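Please read the structure below before turning to the comments.
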Amino acid sequence: MYSRLWLDETIDNNNAVVTNNGFDADSVLLKNAVKELTTINAVSGLNISLVKCDREDLGKEGFEIEKNGDVYTVKANNENAVLFGTFRFINMIRLNKSFDAPVKEVPVSPLRMLNHWDNMDNSIERGYSGESFLFKDNDIVIDDRTVYYARVLASAGYNGVVINNVNVKQAACDLINERFIDKVNKLSELFSSYGIKMFMSLNYASPIDDPEVSSADPLDEKVIKWWEKKMAYIYSKVPTFGGFLVKADSEGRPGPFTYDRTQAEGANMLARAIKPYGGIIIWRCFVYNCRQDWRDLKTDRARAAYDYFNTLDGDFEDNVIIQIKNGPVDFQVREPVSPLFGAMPHTNEMMEFQIAQEYTGQQRHVCFLIPWFKEVLSFDIHAKDAKSDDTTVLGVVTGKTYGNALAGICAVTNTGNDYNWTGHDLAAANLYGLGRLAFEPSLSSEEIAREWIVLTYGNNEKVIDNVTKILMMSWPAYEKYNAPLGIGWMVHPEDHYGPDPDGYEYSVWGTYHKADHFAIGVERNSTGTGYSTQYNEPLKSMYEKPETTPDELKLFFHRLPYTYVLKSGKTVIQHIYDTHYEGAEDVKKMSALWQDLKGLVPDDAFERVTKRFEHQVEHSERWRDVINSYFYRKTLIPDEKGRPLY
Ligand code: GCW
């Protein structure tokens, strides 16, 4: 059993009249478009014409929708694009959008993708909404839910999905073997019938298990041949397959470093093997030393991705995309933007966000991440040697800055087999939002929130107002009661949930804040670890000094005394006390806004979200008190406002 997400109910026959003008009537994509138009409730009785055109401005995936008299027309260059146009048309009808002028939409990001961290044994790494619905008991599952999922993703504008965890467990190695390949094909066909390319994660060390090869050295002829044969086999069985996502030399995963080869040599070996079939290799940059000694003051985990990859610019095959996490460390509530986005003019790059809220409340706290993602994407990274005047992160990851055809935006997904898919009902706004944002980044966070609310709960002004307020307050609130000023990592190491200010101190993970009685933070400017020097000017100079570093990142870049006065005029310590009190208050306000909606949203959804808010109210107070007490005990500086500190 699963609930309907934002995609409307279907009925057997909605009496819509759909005519096809020029598309291949046998195409499964077209058939699926017609099926949506003739079964979705909201477009009952409408007259819709699908028109094949030949327009350069629409590209491979764009479409134009217009209304002439009573007839709605969806125009596109091919069956894939007309399917996207169809979903958008249905949503526009439900959103009461105007058709006074033709609506032309062309996706801005070439790849718009979700990465599942699903394991074959049904578990999900960092999954907060039940177990996998793609795998069960070491087998692939394809059922009604999978079909609904493919439709839902297409209706939010996604065009790619990686089905299995980047940490490839043993069972998943068989996804590229005879045992599962037919099912892999079925799943890939299902996704591609909705315009979504299916990808898988692979185990870089796979050929080691073949006694004839026993190596994974990317320059070894036997290894090269092994992968060539494997790719030929996969594509002979799964012609619609998109390619592989690879986590190598990271957190214990094998990789080219074992053989003294570079990341480019590793990626290129796979890329050459898959190239004849049009496949791509997405190579993750999450490479760092995860066995650090906290006494070592030189090594800085934040530097790692740039240090390993920046010198490889231009070395990667043209069917490789390097996938970079938004920040230099790991999906914290606040981090600077990774400097790698500004550093590699001759390399395809894509953005990796995380909507699984590993460090942002684990889908028990509401945390609408789209405002954060928008901030990251619109950040001017001053990309070096830009070929266009767009030097923002968005420009780089959509291919505009350097003219790359391969580029994109993805997120680690937040779905599971929970009845409501995402654990917290409101977390589905992130799932919808990321797809929309990648398709049309100029949409505001409020517009995206509003679309999701109307498509999910209908057109009630009070619901729209209150839920928009909740969503828009949620990420700033989370940041306020979390670790302060860009510090991050004050969580329990075992599950990354709940406050534990020293949880990661003295560990091997390289994520230290080094708080003592006088100061907190790691100096990351040129006199410190040098991390700030990885940025291009003027960012490099901006992050060099505390005075010019934005407040929200002050402690990410600098080690500062608690009495340091921020731009806001407050001391660091008073900022900590104030924001933590504010954050917990914000949660109470959000909860009250939800309570106001009783009877206006479905009862079961009301109850589920109410329960989550009960927890969030209590847990945010816990965050407030643990963090504030920690700093009070360290500093013995009282709160100016005299509030209780323990
Ligand atoms: O944030 C960390 C997670 C790991 C994850 C890793 C990664 C899949 O805690 O669970 O492994 O990032 O991104 O590879």
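Values for this structure:
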{"quantity": "Debye, to nearest 20: dipole size of the stretch 505-608, +1 on Lys, Arg Cβ, -1 on Asp, Glu Cβ", "calculated": "360 debye"}
{"quantity": "Two-site label geometry, residue 240 and residue 259: point separation in nm, points 7 Å out along Cα→Cβ", "calculated": "3.4 nm"}
{"quantity": "Square roots of five times the Cα gyration tensor eigenvalues for the stretch 17-105, Å", "calculated": "18, 16, 11"}
{"quantity": "J(HN,Hα) series, the stretch 99-113, from Karplus relation 6.51 cos²θ - 1.76 cosθ + 1.60, nearest Hz, glycine and proline x", "calculated": "10, 4, 10, x, 9, 10, 9, 10, x, 7, 9, x, 9, 9, 10"}
{"quantity": "Descending semi-axes in whole angstrom, ellipsoid equivalent of the chain, from the Cα gyration tensor", "calculated": "39, 32, 23"}
{"quantity": "DSSP beta bridges in the chain [antiparallel fraction, %, rounded to 5]", "calculated": "30 percent"}
{"quantity": "Mean Cβ neighbour count within 10 Å, used as a protection proxy, ranking 144-155, 289-300 highest first", "calculated": "144-155, 289-300"}
{"quantity": "Chymotrypsin sites (Phe, Trp or Tyr not before Pro) within the stretch 496-587, DSSP loop, no more than 12 other Cβ atoms inside 10 Å", "calculated": "506, 518"}
{"quantity": "Cubic angstrom per residue, convex hull over Cα atoms of the stretch 111-457", "calculated": "133 Å³"}
{"quantity": "Amide H contacts of residue 392 (H built 1.01 Å from N, under 5 Å, at least 5 apart or other chain)", "calculated": "381"}
{"quantity": "Cα-centred dipole magnitude for the chain, charges only on beta-carbon of K, R (+1) and D, E (-1), debye, nearest 20", "calculated": "460 debye"}
{"quantity": "The chain, relative contact order [Cα under 8 Å, separation at least 6], %", "calculated": "12 percent"}
{"quantity": "Sequence-distant residues sharing a close amide H with residue 348 (under 5 Å, placed H)", "calculated": "322"}
{"quantity": "Amide H contacts under 5 Å for residue 18, placed H, 5+ residues apart", "calculated": "48"}
{"quantity": "Cleavage-rule hits, GluC sites (Glu not before Pro), the stretch 445-496, DSSP coil, Cβ neighbours within 10 Å at most 15", "calculated": "494"}
{"quantity": "Extension gain, residue 462 back to residue 582 (0.36 nm per residue minus Cα-Cα distance, nm)", "calculated": "40.7 nm"}
{"quantity": "Computed label-point distance, nm, for sites residue 210 and residue 291 using a 7 Å Cα→Cβ extension", "calculated": "2.9 nm"}
{"quantity": "Members of 514/554; 35/400; 480/540; 570/634; 480/514 lying beyond 24 Å, as alpha-carbon distances in this model show", "calculated": "35/400; 480/540"}
{"quantity": "Which of 176, 530, 76, positive extreme of dipole for the chain (C-beta unit charges)", "calculated": "530"}
{"quantity": "Given 60/325; 60/104; 31/52; 169/298; 75/97, the pairs whose alpha carbons are separated by over 22 Å", "calculated": "60/325; 169/298"}
{"quantity": "Helix-derived mean residue ellipticity, 222 nm - over the chain, DSSP H n ≥ 4, -39500 (n - 2.57), to 500", "calculated": "-11000 deg cm²/dmol"}
{"quantity": "Calculated from backbone phi, Karplus (6.51, -1.76, 1.60) coupling profile of the stretch 214-227 in Hz, x at Gly/Pro", "calculated": "6, 8, 10, 5, x, 9, 7, 3, 5, 5, 4, 4, 4, 6"}
{"quantity": "Integer Hz, Karplus 6.51/-1.76/1.60 couplings in order for the stretch 351-357, x for Gly and Pro", "calculated": "8, 10, 9, 9, 9, 5, 8"}
{"quantity": "Chymotrypsin sites (Phe, Trp or Tyr not before Pro) lying in DSSP loop within the stretch 350-446, provided at most 13 other Cβ fall within 10 Å", "calculated": "419"}
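Laboratory data are not the source of any read-out in this text; all were calculated from the coordinates shown. All values derive from a computational prediction rather than experimental measurement. Please note: Cβ atoms are built from the backbone with ideal geometry, for glycine as well, and neighbour counts cover all protein chains shown.
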